[in-house]
Amino acid sequence: MKKKVKMKKAKTKKVKMKTKTEEKRKKREKREVKVKEVEVKEEVKEAEEIKKEEKEKEEIKKEKGTCLICQKETVGSPVKEDFVIRGIRKIKTSLKIARGTNLIICDEHLEEARKKRERFEKSLLTYGGIGAVIGIILVIAGLLGGRDLISILSSMLIAILLIVVLVIFSLAYYFPAVEERKK
Ligand SMILES: [Zn+2]
């Protein structure tokens, strides 16, 4: 009788140990799966970052042409076409001296081009601002003077002319914008 009980106890012990090791194994497997998941996630992240970098590289626009600053023929960032560039091109075409070159800024002069553009934008703002202030003063003075319509209109015209002249002054600093990214 006693022996049987002992045997039963031993059996349950064995079963318990078995389930314990089983649980341990399961836990370990779970851990391994988690580690693998993290690894996969990191890999996906890396791949996404590489893709992003490649996309950014693609988005930087580069074209063949002549550098506006050093006149070298190379590959660089294209110059944005604005009314000044178009105007110059039109004049050159009508004078038949247009060479049809594509204007770019080479990598070496990109920083310089940015600075020049900034200076031009600042001068445009300054001269435009001065012109606007003087123009407004002229118009107000004309209105306060209580003169007839013609003299008010002529003072407005003078104001507009003044602004135009000042903007032309600022064009002395003209430098086109650089197109650095595709839209
Ligand atoms: Zn250059």
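Here are the numbers:
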| quantity | calculated |
| --- | --- |
| Value in Å of the Kirkwood radius, where segment 1-137 supplies the Cα pairs that are averaged | 23.0 Å |
| Karplus (6.51, -1.76, 1.60) ³J(HN,Hα), θ = phi - 60°, over segment 90-98, in Hz, Gly and Pro reported as x | 4, 4, 4, 5, 5, 8, 6, 10, 5 |
| Using alpha-carbon coordinates, inclination of helix 2-59 to the longest axis of the chain, degrees | 20 degrees |
| Hz values of 3J(HN,Hα) by residue in segment 150-159 - Karplus curve (6.51, -1.76, 1.60), Gly and Pro given as x | 4, 6, 5, 4, 5, 5, 5, 4, 4, 4 |
| Mean residue ellipticity (222 nm) of the chain, computed from DSSP H runs ≥ 4 via -39,500 (n - 2.57), nearest 500 | -25500 deg cm²/dmol |
| Order of 117, 181, 99 - criterion: other Cβ atoms within 10 Å of each residue's Cβ, fewest first | 99, 181, 117 |
| Among 105, 85, 130 - extreme Cα towards positive end, dipole of the chain, charges at beta-carbon | 105 |
| Within the chain: Cβ-based charge dipole about Cα centre, in debye rounded to nearest 20 (Lys, Arg +1; Asp, Glu -1) | 4060 debye |
| Cα-only Debye scattering, segment 63-173: base-10 log of I(q)/I(0) at q = 0.10 Å⁻¹ | -0.47 |
| Choice from 29, 73, 63 with maximal GNM fluctuation in the chain (Cα, 10 Å cutoff) | 29 |
| Residue-span extension gain [residue 81 to residue 48] - 0.36 nm each, minus C-alpha spacing | 8.4 nm |
| The chain: most fluctuating residue of 45, 116, 26 per GNM, C-alpha cutoff 10 Å | 26 |
| Gaussian network model of the chain, springs between alpha carbon atoms under 10 Å - residue of 81, 22, 39 with greatest fluctuation | 22 |
| Helix 110-144 vs. the chain, principal-axis angle (Cα, 0 to 90°, nearest 10) | 50 degrees |
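We did not get these values from a lab; they are worked out from the coordinates using the rules stated. Source: prediction; values computed, not measured. With ideal geometry, Cβ positions are generated from the backbone for all residues, glycine too; neighbour counts draw on all protein chains shown.
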